[in-house]
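The values are calculated or read from the model by the stated rules, or taken from the named source; none is laboratory data. All of these numbers come straight from a predicted model, not from anything done at the bench. Methodologically, a virtual Cβ is constructed for each residue, glycine included, from the backbone with ideal geometry; neighbour enumeration extends over all protein chains shown. The accessibility values were calculated without ligands, DNA or RNA, using every heavy atom of the protein model including side chains. Shrake-Rupley method; radii C 1.70, N 1.55, O 1.52, S 1.80 Å.
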Amino acid sequence: IPELQGQAWVCLGKLCMVDEQLAKKCAPLFMQELSRSPSPIVRNNILVALADMCIHFTALVDNYMPRLAVCMRDTHELVRRQALALLANLLMKDYVKWRG
């Protein structure tokens with residue numbers, strides 16, 4: 001049921017947008033699942049949620065930027081494209097700065 005799991009991560013991401021404390025608690029969980037999930041749908045939706053969190057709570061997600069950048073080498077094309085688009089957007093709007 002990858003589609004349902006993907007939607008669940010989207011919903012959790014939306015809840016994190018309205019509660020910074022929840023976002024702080026969930027950010028490590030998002031990163032853990034981004035690394036572990038075999039489903040490209042889940043990985044894609046987690047990327048979108050983390051990008052939204054980066055816009056709302058920049059300092060919260062800033063430490064995870066290297067891991068998000070690694071998603072540009074994901075095995076699935078959708079995840080690679082989404083990672084590139086989201087990171088480019090965050091860079092263009094100065095939500096993150098490229099280091100190294």
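Find the helices (runs of 4 or more DSSP H) located wholly in region 46-100 whose residues include 3 or more that are within 22 Å of Gln7 (Cβ to Cβ) and open to solvent by less than 90 Å² (accessible area, probe 1.4 Å), and list them.
77-92
For a quick check of your reading of the model, give me the residue pairs whose first member lies in region 1-30 and is of a type in the set (Phe, Trp, Tyr), whose second is open to solvent by less than 50 Å² (accessible area, probe 1.4 Å), with beta-carbon atoms closer than 7 Å and at least 6 apart or on different chains.
Trp9/Val42; Trp9/Asn45; Trp9/Ile46; Trp9/Ala49; Phe30/Ile46; Phe30/Ala49; Phe30/Leu50
So is Lys14 open to solvent by 50 Å² or more (accessible area, probe 1.4 Å), under 23 Å from Lys97 (Cα atoms) and among the charged types (D, E, K, R) or not?
It is false that Lys14 is open to solvent by 50 Å² or more (accessible area, probe 1.4 Å), under 23 Å from Lys97 (Cα atoms) and among the charged types (D, E, K, R).
Where the second residue is part of a helix (DSSP H, G or I) and open to solvent by 60 Å² or more (accessible area, probe 1.4 Å) and the first is more than 13 Å from Ala51 (Cα to Cα) and lies in region 74-96, which pairs have Cβ atoms under 8 Å and are six or more apart or on separate chains?
Hits for this filter: Asp74/Arg80; Arg80/Met72; Arg80/Arg73.
Could you please give the count of residues in region 17-45 that are within 26 Å of Asp94 (Cβ to Cβ), assigned to a helix (DSSP H, G or I) and open to solvent by less than 70 Å² (accessible area, probe 1.4 Å)?
Our first condition is that a residue be within 26 Å of Asp94 (Cβ to Cβ); within region 17-45, this holds for 17-24, 26-28, 30-31, 34, 43-45.
If we keep only those that are assigned to a helix (DSSP H, G or I) too, we end up with 17-18, 20-24, 26-28, 30-31, 34, 43-45.
Okay, now just the ones that are also open to solvent by less than 70 Å² (accessible area, probe 1.4 Å), so 17, 22-23, 26-28, 30-31, 34, 43-45.
Selection size over region 17-45: 12.
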